[in-house]
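Notes for the one structure printed next.
The values are calculated or read from the model by the stated rules, or taken from the named source; none is laboratory data. Small disclaimer: the values here were computed from a predicted structure and weren't measured. With ideal geometry, Cβ positions are generated from the backbone for all residues, glycine too; neighbour counts draw on all protein chains shown. Just so you know, the surface numbers come from the protein's heavy atoms only, side chains and all, with ligands and any DNA or RNA stripped out. Shrake-Rupley method; radii C 1.70, N 1.55, O 1.52, S 1.80 Å.
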Amino acid sequence: MSEVRYSIKDLENFTQIKAHTIRIWEQRYGLLTPKRTDTNIRYYSENDLKKILNINLLYGSGSKISKIASLSEGEIIDASKELIRAKKSVNQSEIDNLTLWILEFNGKKINDYLNSALRKMSIEDVYERVILAVFEKIGQLWQVNSISIVHEHYFSNIFKEFLIENISTLDSPSDSSKKAILFLHEHEEHEFGILLYYYILKSNGFTCHYLGQKIPINEVEIAASQINPKLIVTTFTAKISDKNFKKIEDELVSFSKNAEILVSGSQGNIDALGKRKSFHHLTSISQLKAIL
């Protein structure tokens, strides 16, 4: 299996620690030791990523970087585990139960919980109150080597199927003029976020045309010219290069003159799209509902 490689920009995007600061920590404290390609380009391993995430967790909790630097890698992991254990949520029991069922690959109990929760609250509330917290917990457990990335994929697909099933139960919209295109660009494959928007839009009377994952932006332009949507919706969950983001930005803006553009995600330069009044950077479900 090929080695996963990360640039210092990737580390900056994951942690929000400036690349300049990471380099200072390397030079002053030896916290990371990047490798180099045959062409002398620096890169970081998956273990480096986990380590900087743990350092960021400790640093964000108030520990001085000099103290963190004095710890062994095992001590950094142990200290991070203690912080993760200590963090409590309003829905902690549900989060803990779901995490356990994910570790056990117990799809039946996960689905039983989702269906039970839906009888008490909306899909949007289930997502914001519990699902997001579970994904955060999975990410933290991954960085301390307590869970595998396959567990995240497993849970993502269960939640994706849950969303698709509930989308299919909604009535077809009666207003044919309210049309939306939803897609994931060619560098993106994380689907459950866009499917949640699909559910919300259909609930609000939109006819939704979901184009799928990894769609080249020029293909979206072809669909938009025929569908003439009021809304074009996408998300940037995976980090991509500034060059690829700029290409998508330029083309999306060029052919979306008659549509509102709704974009979610944490891509660092996503707000650059805000030059147009019709652009909206979605940071919450309530914001989407307010726009609708």
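Label sites at Q92 and E165, each approximated as a point 7 angstrom past Cα along Cα to Cβ, lie 3.0 nm apart.
Overall, the chain carries a charge dipole of about 780 debye about its Cα centre when +1 sits on the Cβ of Lys and Arg and -1 on the Cβ of Asp and Glu, all other atoms neutral. Counting only alpha carbon atoms, the long axis of helix 192-203 and the longest principal axis of the chain meet at about 30°.
Decide, for the stretch 145-261, between rounded, prolate and oblate: order the square roots of the alpha carbon gyration tensor eigenvalues as a ≥ b ≥ c, take rounded if a/c falls under 1.5, and otherwise choose prolate if a/b is larger than b/c, else oblate. Cα axes put the stretch 145-261 in the oblate bin. Close amide H contacts of S264 (hydrogens built in the peptide plane, cut-off under 5 Å, sequence separation of 5 or more or a different chain): T234, T235, F236, L282.
Given K81/K109; K87/K239; K137/K160; K35/K239; K160/K243, which pairs have Cα atoms separated by over 23 Å? Don't jump to the answer; show the numbers that get you there.
Details: K81/K109 26 Å; K87/K239 27 Å; K137/K160 18 Å; K35/K239 21 Å; K160/K243 30 Å.
Pairs exceeding 23 Å: K81/K109; K87/K239; K160/K243.
Among Y198, Y59, the order of accessible area from largest down is Y59, Y198, computed with a 1.4 Å probe on protein heavy atoms. Remark on the chain: Rg and Dmax equal 21.0, 64 Å (Cα only). Largest first, the three principal axis extents of the alpha carbons in the stretch 1-121 are 55, 35, 25 Å in whole numbers.
Can you put V253, V130, V4 in order of accessible area, largest first, using a 1.4 Å probe?
Details: V253 40, V130 0, V4 65 Å².
So the residues, ranked largest to smallest area, are V4, V253, V130.
Which percent of the accessible heavy-atom area of the stretch 7-126 goes to carbon and sulfur, probe 1.4 angstrom?
49
The distance from the alpha carbon centre of the stretch 212-261 to that of the stretch 1-61 is 31 Å, rounded to a whole number.
Angle of helix 46-60 to the longest C-alpha principal axis of the chain, folded into 0 to 90 degrees and rounded to 10: 90°. As I understand it, the value is the acute angle between the Cα axis of helix 92-103 and the longest principal axis of the Cα atoms of the chain; what does it come to in degrees, rounded to 10? Once rounded, the angle reads 80 degrees.
Each Lys and Arg adds +1 at its Cβ and each Asp and Glu adds -1 at its Cβ; summed about the Cα centre, the stretch 147-221 shows a dipole of about 220 debye. Restricting to Cα pairs below 8 Å that are 6+ residues apart, what does the relative contact order work out to for the chain? Please round to a whole percent. Once divided by the residue count of the chain, the mean separation gives 12 percent.
In the neighborhood of T235, defined by Cβ-to-Cβ distances under 12 Å, what is the net charge if each Lys or Arg adds +1 and each Asp or Glu adds -1? Here the count lands on -3. Within the assembled protein chains, the solvent-accessible surface assigned to H20 is about 120 Å², based on a 1.4 Å probe.
What the phi angles of the stretch 164-178 give under the Karplus curve with 6.51, -1.76 and 1.60, with θ = phi - 60°, is a coupling list of 4, 4, 6, 4, 5, 7, 6, 5, 5, x, 9, 8, 5, 7, 8 Hz, glycine and proline written as x.
Out of the stretch 1-102, which trypsin sites (Lys or Arg not before Pro) are coil in DSSP terms and have no more than 12 other C-beta atoms within 10 Å? Numbers along the way, then the final one.
On the way: sites: R5, K9, K18, R23, R28, K35, R36, R42, K50, K51, K64, K67, K81, R85, K87, K88; in loops: R5, K18, K64, K87, K88.
Counting only loop positions with at most 12 other Cβ atoms within 10 Å, the trypsin sites (Lys or Arg not before Pro) in the stretch 1-102 are K18, K64, K88.
Positive end of the dipole of the stretch 1-44 (Cβ unit charges, origin at the Cα centre): among T37, L11, I22, the Cα lying farthest that way belongs to I22.
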